[in-house]
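The values are calculated or read from the model by the stated rules, or taken from the named source; none is laboratory data. It should be emphasised that the depicted structure is a prediction, and the values quoted were computed from it without experimental measurement. For neighbour counting, all protein chains shown are included, and Cβ atoms are generated from backbone atoms with ideal geometry for every residue, glycine included. Only protein heavy atoms, including side chains, enter the accessible area calculation; ligands, DNA and RNA are left aside. Shrake-Rupley method; radii C 1.70, N 1.55, O 1.52, S 1.80 Å.
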Amino acid sequence: GCFVFKPSTKKRRLSEKTAQNFRSRSDDSEDTELRFVTCQSLWNQIKSETKQIQEDLNKQLLGNLMSFLSRSHSEFQEKTTEWTCRMKFREIPTAALVLGVNVTDHDLTFRGLSDVLRDNITPYVALLEAKDCPGIKNLMQKLMGQLMNCDIDTDSPEDEDCVQVSQNRIRCSMSSLISWYESVTKKTDSETPSKKRNSSSRHWQSPPVVVIFKDMESFTTKVLQDFIVISSQHIHELPLVLIFGIATSPMIIHRLLPHSVSSLLCIELFQSLSCKEHLSTIIDKLLLTSRFPFKLGEKVLQVLINIFLYHDFSVQNFIKGLQLCIVEHFYSQPLSVLCCQLVDVKKRVYSLSRDQCENIRRLPSFRRYVENQESGKQIALLTNDSFLKEETEKLLEDLHVYHENYVSILRCLHVFTSSLPKYPLGKQIRELHCACLEKQVWETEEYESSLQLARMLNKTDLVTMLQQCVEILMSSSGKEFDKTVEKLKEFLTQFQNLEEASQERDVSVTSQKELQKKTDLYHLQKTLLELKEARRSKKLTKFEMLRFEVVDYIDSLVRKYLVPADHRTLHEIMYFNTATVLRGHLNAAPRTALHTALNNPHWYLKNQALKCDGGGISNKAPDICIVYKLHLECGRLINLVDWLEAFSTVVTAAEEPNADAASSDQVDDTIHARFIRAVSELELLGFIKPSKQKTDHVARLTWGGC
C-alpha cells in the first residue's frame, strides 16, 4: 500500500491567525495610511540613494569608455595616419567590458551606458542579446531595426520616409546599413545652422555606430565571426565601434574567435568594479548611516549576504531583498509608524492611540526596561499613557543617538581590524557589523586576537590609524566625541614627541656577541634562558606603554558604544529581525507552493466558494485542481476512463437531477475537452507521464506529501 502523511496544519493556522491579527490592528485607517506613506517615503529615499551610488561607482568606467570612443571617433573623422593604417588592416575598435558573473546586474549597467552614449556621443546605439540573434540574418535585422528607430523624430515631417523604410521589410545587409548611415549624416549636415549647432552640442559630427553585445559568451561562434569579418570589410565607410559584455574572462574572445578573426579587432580592456566591493559600498551607504531610521537585524542581514555570496552575486537582488524587508516590517509591526526621522518622533509619539500604547508595553525590550526601574516608575509606565509617551520619546531619541555613535565607533574599529594580519574580525566592514550585531563583540575570541595583534603594531601604523579615527569622529554628527577627539589628538602628540630608547639595541647587540662566542650547546642554552628571563623581567619602553594605552582606550570605546542593538529598548520599532519570514519569501519551495495551489486553491485565490473542509473536492475549483486531487487517490497507474468518469461526477455534482438518462451514460464533449486539457497541464508540470504498459493508462510520478 501507499500511505501519504500530510504535514501538520499548525504553522498554517498560526500564519492565518497572524494575518487576522494584523487586519484587526489595521482597523484604524489613519494609522495604516501613515504607515504606508512612511514606508513609501523611506523606500523612495533609499531607491534614489541607491541610484546615485551606482552612478558614482560606474562613473569612472563610463568615463574611460567615453574617452575610448572619443579616440576611435576622432581618428576616423580626421583620417589620421593611425586610422589609415588601421583601415588597411581592417581593424574594428572594440571595448572588452568585463562585468563579472553577476549577470542580473548587467542590464542596469548597459542601460546606463547606452543612455550616456545617446546623450553625449551618438544616437546610433544598438543593444544585442544572444537569444535574439541565432543567425547573422537575425543579427542584422535586430541591428538595423534598433538603429533606424533611433533616427525617428516625431517633430520633423521630413523623417516620414525613414519611418516608412523601417516599417517595411528591407534587405538587411551591410551595404544597406552604410547607405542609411550616409543618408542620415548628409541630412544632418544639410540642416540649418541653428539646428545643426544644437545637435552638435549633444552629438558629434558623423557620430559612430556603437554595437553592444550584452552577453558575448552566449553568442554562437559563427554569428560573431561572420559579423566581424563583414564589418571589417566596410570599416572605411562606417565608423563602427563594438562593445563586448563579458561575464567570465577576456580570454573568452580568443576561445570563441580564431586568430584570423580576432586579429580584425583592436581590443581595449575595461574592468568594472567587483560585485563584492559594490555590495560593501551599498551596505556602507544605506545601512551604516543614521540618515535612514530603518535597520536590519543580524540574522536578516546574514540571510541577504548569504544569498548574495552563495547564489548570484547580484546587488540588484540584494536591494530587492532590502525592499522586501522594509515592506514586511511596516506591514507586520504596528509600531513601525514610529520608525521615522528624529524631527518627526515627538509629533508621532504624542499622537499614539490607547491600543498603540499597549503595543509598546508588550514589546519584550520595553518589558525588560520596566523590570529594571523602581516600583513607582513601573506603575506609571504601565498605567499612565502620558508618562509612557514622554518616556517613549526619550527612548527613541536615545536610540537615534545610539545609531550615530555606533556607526562612528564601528568605522574606527574597522580601521584597526582591517589592517591586521589574517583579519580575525573580517576584512570588510559588513563582517564586523554582523559580528557586533550578533553578540557583545568584546567577548569573542576573534576580538581578543585582534587586540593582541594591535598591541604589536609599529609606530607608523598606529599614528596613521589614529589620524583616520580623528577624521571619522570629527565628521560624525555625534555630540559625545569632543573629549574622544581630544584624547586621540593627545596620543598623536605623545607619539610625535616620543624618542626610542637605545638601551634595547645595546642589550640585543651584546647578547648577540655572547651567542656568537659560545659555541658549546650547554652554554648556548643557558644564555638563551637568561635572555628569555631578562625579557620577561625587563620594563616596558615608553612606546610600548603608550601603545598599550591606545589599544585599551579603543577597547573602552568599543565596550561603551558597540552594544548589540537587541540590548537597546524599543529596538523592535526600527529593526527587522524576522529572518524566517524573509527566507520564506526568498528561498523558494516550488514543490510545496505547487502542491498548495493545486490541493487548496483557496489559499491563493481567497475565494470562499473554493473552501472545502474534510478533504472534499469542490466543483467550483479549477479543472486542474479537481484532476490533481483525484489523481492523489490513485496508485502507480491511473486508468484514464475511470479518471474521466470521476472528474465528470465532480463537475456535474451541482446539476439538476432531472437530466437526460442518455447524458448520464455518455460524458459531455465539453467536459471531455476540459478533462483532456487538465491532464495535459498535469503532464506538463511533471506529475504524470504516458505509460508503455497500457495504452489507456498514465503513470503517476510524484508520491508523498509536502
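Sort through 290, 314, 332 and tell me the only one that's open to solvent by 10 Å² or more (accessible area, probe 1.4 Å) and closer than 21 Å to residue 49 by Cα. Can you show your working first?
Values: 314 fails: open to solvent by 10 Å² or more (accessible area, probe 1.4 Å); 332 fails: closer than 21 Å to residue 49 by Cα.
None of the others qualify; the one that does is 290.
For residue 347, all conditions in the list (1) buried (at least 16 other Cβ atoms within 10 Å of the Cβ); (2) farther than 30 Å from residue 102 by Cβ hold save one; what is the number of the exception? It fails just one condition, (1). Within the stretch 464-477, the set of residues being open to solvent by 30 Å² or more (accessible area, probe 1.4 Å) and of a type in the set (Val, Ile, Thr) comprises 464, 472.
Residues in the stretch 317-329 that are buried (at least 16 other Cβ atoms within 10 Å of the Cβ) and of a type in the set (Lys, Arg): 0 in all.
Evaluating residue 243 against the criteria (1) assigned by the TED database to the domain that holds residue 147; (2) in a helix (DSSP H, G or I); (3) buried (at least 19 other Cβ atoms within 10 Å of the Cβ) leaves one unmet condition, (2).
When restricted to residues that are open to solvent by 30 Å² or more (accessible area, probe 1.4 Å), part of a loop (DSSP other than H, G, I, E, B), in contact with a strand residue (DSSP E or B) (Cβ under 9 Å, 6 or more places away or on another chain) and closer than 21 Å to residue 314 by Cα, the stretch 91-130 contains 1. Which of the residues belonging to the stretch 293-311 are open to solvent by less than 50 Å² (accessible area, probe 1.4 Å) and of a type in the set (D, E, K, R)? Within the stretch 293-311, 295, 298 meet the criteria. Going through (1) over 29 Å from residue 632 (Cα atoms); (2) not in a helix (DSSP H, G or I) one by one, residue 572 falls short only on (2).
Scanning the stretch 350-377 for residues that are more than 18 Å from residue 333 (Cα to Cα) and either touching a strand residue (DSSP E or B) at 6+ places or on another chain (Cβ under 6 Å) or open to solvent by less than 60 Å² (accessible area, probe 1.4 Å) (or both) turns up 369, 370, 373, 376, 377.
Residue 44 - would you say it is modelled with pLDDT of 50 or more, out of contact with any helix residue (DSSP H, G or I) (no Cβ under 8 Å at 6 or more places or on another chain), part of a helix (DSSP H, G or I) and open to solvent by 40 Å² or more (accessible area, probe 1.4 Å)? Break it down into steps so the answer makes sense when it comes.
On the way: modelled with pLDDT of 50 or more: yes; out of contact with any helix residue (DSSP H, G or I) (no Cβ under 8 Å at 6 or more places or on another chain): yes; part of a helix (DSSP H, G or I): yes; open to solvent by 40 Å² or more (accessible area, probe 1.4 Å): yes.
Spelling it out, residue 44 is indeed modelled with pLDDT of 50 or more, out of contact with any helix residue (DSSP H, G or I) (no Cβ under 8 Å at 6 or more places or on another chain), part of a helix (DSSP H, G or I) and open to solvent by 40 Å² or more (accessible area, probe 1.4 Å).
Taking the stated definitions as given, is residue 125 modelled with pLDDT of 90 or more, in contact with a Ser or Thr (Cβ under 8 Å, 6 or more places away or on another chain) and not acidic (Asp, Glu)? For residue 125, the condition - modelled with pLDDT of 90 or more, in contact with a Ser or Thr (Cβ under 8 Å, 6 or more places away or on another chain) and not acidic (Asp, Glu) - is met.
The single condition from (1) touching a helix residue (DSSP H, G or I) at 6+ places or on another chain (Cβ under 9 Å); (2) modelled with pLDDT under 90 that residue 356 fails is (2).
Close Cβ contacts (under 6 Å, 6 or more residues apart or on different chains) running from residues in the stretch 383-399 that are within 12 Å of residue 345 (Cβ to Cβ) to residues that are assigned to a loop (DSSP other than H, G, I, E, B) and among the aromatic types (Phe, Trp, Tyr) comprise 389/350.
Determine whether residue 430 is among the charged types (D, E, K, R), out of contact with any Pro (no Cβ under 9 Å at 6 or more places or on another chain) and either surrounded by 19 or more Cβ atoms within 10 Å (Cβ to Cβ) or outside the structural domain of residue 562 (by the TED database) (or both). The answer is yes for residue 430.
In this structure, is residue 404 assigned by the TED database to the domain that holds residue 484 and open to solvent by 70 Å² or more (accessible area, probe 1.4 Å)? First the steps, then the outcome.
Numbers: assigned by the TED database to the domain that holds residue 484: yes; open to solvent by 70 Å² or more (accessible area, probe 1.4 Å): no.
No; evaluated as a whole, the condition is false for this residue.
Do we find that residue 588 is touching a residue at least 12 places away in the same chain (Cβ under 8 Å) and either in the same structural domain as residue 296 (by the TED database) or part of a loop (DSSP other than H, G, I, E, B) (or both) in this structure? Don't jump to the end; show me each part of the working.
On the way: touching a residue at least 12 places away in the same chain (Cβ under 8 Å): no; either in the same structural domain as residue 296 (by the TED database) or part of a loop (DSSP other than H, G, I, E, B) (or both): yes.
Judged against the criteria, residue 588 is not a match.
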